[in-house]
Amino acid sequence: MNNIIERIKYNFSESIQTKINAADMILPTIALACEKIVQCLLDGHKILSCGNGGSACDALHFSSEMLNRFKHERPSLPAISLTADTATLTSIANDYQYSEVFAKQIRALGQAGDVLLAITTSGNSANILSAIKAAHDRQLTVIAMTGFDGGKIAGILQEKDVEIRVPAYETQRIQETHLLIIHCMCDIVDYQLFGHGDIPA
């Protein structure tokens, strides 16, 4: 039993340390991404999100917080998770290839001024790379959430885009920090658009 508790404690400690490292290194980048999301919404545009596996869940998590609410009552905000439609995902994967499952949706739904929130711990997911290229073709701004060394995504982002790279090399630690960053984004949207959530003195 003691070994199990020690392993659990180790996971807690590693997660906490990863978040501390991220707080020391990437807060200005997160703030810039938040500004772009807020401006997108102020301009009447929407946010598309995508990812695979745990990152697919993060994409869904973000869109649900926008469409419903975060902490306070507010109007619904326009966001679409491209991971949500099983029929569309499987038909594209079957008729074309899996690398196109997000890109084809972006070509249909994305409009100039929208934001793509692309989530991948490795930065190398083929379908996320294709999604970013499609987003650029449609004149979307890309916010890429990555980890490790940024992968191939770091090399294809444009000047207007933002990469939030978690300083970690374990997938679970990166994903845990990605979720915190998503909650930060939601909090800033609520604060800047609706004046919610002053930090207690």
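The values are calculated or read from the model by the stated rules, or taken from the named source; none is laboratory data. Predicted model only: the values in this text are computed from it and were never measured. Using ideal geometry, Cβ is built from the backbone for each residue, glycine included, and neighbour counts are taken over all protein chains shown. Ligands, DNA and RNA are excluded from the accessible area calculation, which covers all protein heavy atoms including side chains. Shrake-Rupley method; radii C 1.70, N 1.55, O 1.52, S 1.80 Å.
Observations on the structure shown:
- For region 163-188, a residue qualifies if it is surrounded by 20 or more Cβ atoms within 10 Å (Cβ to Cβ) and part of a strand (DSSP E or B), and the qualifying residues are Ile164, Arg165.
- From Ala112, Ala118, Ala144, Ala84, residue being aliphatic (A, V, I, L, M) and either touching a His at 6+ places or on another chain (Cβ under 9 Å) or more than 24 Å from Val38 (Cβ to Cβ) (or both): Ala112
- Flag for Ser99 being in contact (Cβ under 8 Å) with a residue 12 or more places away in the chain, in contact with a strand residue (DSSP E or B) (Cβ under 8 Å, 6 or more places away or on another chain) and of a type in the set (Ser, Thr, Tyr): no
- Region 145-187, subset of a type in the set (Ser, Thr, Tyr) and within 12 Å of the chain's Cα centre (by Cα), residue farthest from Lys71 (Cα to Cα): Thr146
- Lone unmet requirement of (1) under 30 Å from His72 (Cβ atoms); (2) at pLDDT 95 or above for Gln172: (1)
- The one condition in (1) under 30 Å from Thr90 (Cα atoms); (2) outside any loop (DSSP other than H, G, I, E, B); (3) open to solvent by 50 Å² or more (accessible area, probe 1.4 Å) that Tyr191 fails to fulfil: (1)
- Leading residue by the ranking (most open to solvent (accessible area, probe 1.4 Å)) among those in region 109-133 that are in a loop (DSSP other than H, G, I, E, B) and touching a helix residue (DSSP H, G or I) at 6+ places or on another chain (Cβ under 7 Å): Asn124
- Of the helices (runs of 4 or more DSSP H) lying entirely inside region 1-95, the ones with 1 or more residues being within 19 Å of the chain's Cα centre (by Cα) and either at pLDDT below 95 or crowded, with 20+ Cβ neighbours inside 10 Å (or both) are found at 2-25, 27-42, 54-67.
- The residues of region 140-159 that are within 20 Å of Met25 (Cα to Cα), without any contact (Cβ under 8 Å) to a residue 60 or more places away in the chain, among the β-branched types (Val, Ile, Thr) and not in a helix (DSSP H, G or I) amount to a single one, Thr146.
- Filtered residues of region 12-33 (kept if without any contact (Cβ under 8 Å) to a residue 40 or more places away in the chain and among the acidic types (Asp, Glu)): Asp24
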